[in-house]
Amino acid sequence: MTLLILMPDRDVTALATALNKINPDLDIRIWPEVGPTQDIEYVIVWNHPSGELNKFPNLKVIASYGAGVDHILKDPDLPEQAIITRLVDDSLSRQMCEYIAGVILNQRLRLTEYREYQAATHWSPKAPRSGNVVCLLGLGNIGLEVARYLTNLNFTVRGWSQSPKDIDRIKTFHGPNQLDAALTDADYIVCLLPLTPQTTNILDKTFFHKTKKGAYLINVGRGGHLNEDDLMDALYQEQLSGACLDVFRTEPLPEDHPFWRHPRIYLTPHSASVTNIGLAARKLYENYLNMQKNLPLLNRINMTKGY
Ligand code: GLV
């Protein structure tokens, strides 16, 4: 049984070393040196070339090296027999909690604004911004952790998801018909959704018309959730007071992209939650063993839902 790591444009040596540390006998191949294609039963992927996975006739599991699986599902030529899994670990959720809380507190306490004042040697104390309501779009395992974290920081949290959820101390909404209600009083809107045909371009003009005037947007889902021109308009019209973006349609963000220089866009390089190699190796190996023993796989995705 052979495990293949297929992550073009990434140095995967540390991941291979971490897997071999867990099991020195593990037969690991690193793409493009795949060896006999019929050996490969388990593949760890990130942004694989379309059609590539069909070359392995005995492939059983396609394991995402991240929480998202949109990079896998966009391949129209996936082997039908293979099961797709995503990466779920506490470190991914914890980082996301800290990132979102950090961005909201930065905005609330005007830290970036004061940094600009500092550059201009300008002394002008102000009260913190008052809004306290956060609407989370997406209540999967990361969304749920973020909801709890922000509630513990005394934010009033609303949550919106595709299907109904019942969460202690959080008012939840679901489905397209309840989106307006979820957004109506939100000061901060955080997109944590998986990218699916239903959620592509969800952050568009129609969406921004539903938000409270002056709301602040945080997108940590995927670039494909956001209509970039509509965001620029919403900022220009002050429907949104600002936006923090961690994900983009094209990554790295091209140098001439207007987001780089926009005064009310704060951006980070897809770094809100970064896969921890050691923890990921353990999770991926656990599922590799499950596959070998014919046990149910952890974090298997639902192909109908697309996440
Ligand atoms: C990162 O974006 C991930 O999917 O883990």
How many of the residues in the range 33-63 are within 16 Å of the ligand (Cβ to nearest atom) and either without any contact (Cβ under 8 Å) to a residue 24 or more places away in the chain or among the acidic types (Asp, Glu) (or both)?
1
If you go through the range 255-271 one residue at a time, how many are closer than 21 Å to Leu111 by Cα and within 16 Å of the ligand (Cβ to nearest atom)?
4
Run down Ala82, Ala101, Ala63, Ala67 and say which single residue is within 24 Å of the chain's Cα centre (by Cα), more than 26 Å from Asn287 (Cβ to Cβ) and surrounded by 14 or more Cβ atoms within 10 Å (Cβ to Cβ).
Ala101
Considering each of Leu111, Leu139 in turn, give the residue that is at pLDDT 95 or above, away from the ligand (no atom under 16 Å from the Cβ) and under 29 Å from Thr304 (Cβ atoms).
Leu139
List, please: which pairs have Cβ atoms under 7 Å, are six or more places apart or on different chains, and start with a residue in the range 10-28 that is touching a residue at least 12 places away in the same chain (Cβ under 8 Å) and end with one that is open to solvent by less than 70 Å² (accessible area, probe 1.4 Å) and in a loop (DSSP other than H, G, I, E, B)?
Arg10/Trp46; Leu19/Leu26
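Rundown of residues vs (1) modelled with pLDDT of 95 or more; (2) of a type outside the set (Ser, Thr, Tyr); (3) closer than 15 Å to Arg222 by Cα, yes/no style:
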site: Gly242; (1), (2), (3): yes, yes, no
site: Leu245; (1), (2), (3): yes, yes, yes
site: Phe248; (1), (2), (3): yes, yes, yes
site: Pro254; (1), (2), (3): yes, yes, no
site: Pro263; (1), (2), (3): yes, yes, no
site: Leu267; (1), (2), (3): yes, yes, yes
site: His270; (1), (2), (3): yes, yes, yes
site: Ser273; (1), (2), (3): yes, no, yes
site: Leu284; (1), (2), (3): yes, yes, no
Qualifying strands (runs of 3 or more DSSP E) (wholly inside the range 1-117; at least 3 residues being among the hydroxyl-bearing types (Ser, Thr, Tyr))
none
Residue ID - farthest from Val103 (Cα to Cα), chosen from residues in the range 138-168 that are among the hydrophobic types (A, V, I, L, M, F, W, C) and open to solvent by 40 Å² or more (accessible area, probe 1.4 Å)
Leu144
Could you list, in sequence order, all residues of the range 23-60 that are within 19 Å of the chain's Cα centre (by Cα) and open to solvent by 10 Å² or more (accessible area, probe 1.4 Å)?
Trp46, Asn47, His48
Could you list all residues from the range 248-300 that are hydrophobic (A, V, I, L, M, F, W, C), closer than 30 Å to Val61 by Cβ and part of a helix (DSSP H, G or I)?
Ile277, Leu279, Ala280, Ala281, Leu284, Leu289, Met291
Among the listed residues Ser50, Ser91, which satisfies the condition of being hydroxyl-bearing (Ser, Thr, Tyr) and touching a Pro at 6+ places or on another chain (Cβ under 9 Å)?
Ser50
Return a yes/no flag: does the range 215-234 have any residue that is within 16 Å of the ligand (Cβ to nearest atom), open to solvent by 40 Å² or more (accessible area, probe 1.4 Å) and over 25 Å from Arg94 (Cβ atoms).
no
Would you confirm whether any residue within the range 49-68 is touching a Gly at 6+ places or on another chain (Cβ under 7 Å) and outside the structural domain of Gly138 (by TED's automatic domain parsing)?
no
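The values are calculated or read from the model by the stated rules, or taken from the named source; none is laboratory data. Only a predicted model underlies this, so the values are computations on that prediction, with no experimental measurement involved. With ideal geometry, Cβ positions are generated from the backbone for all residues, glycine too; neighbour counts draw on all protein chains shown. The accessibility values were calculated without ligands, DNA or RNA, using every heavy atom of the protein model including side chains. Shrake-Rupley method; radii C 1.70, N 1.55, O 1.52, S 1.80 Å.
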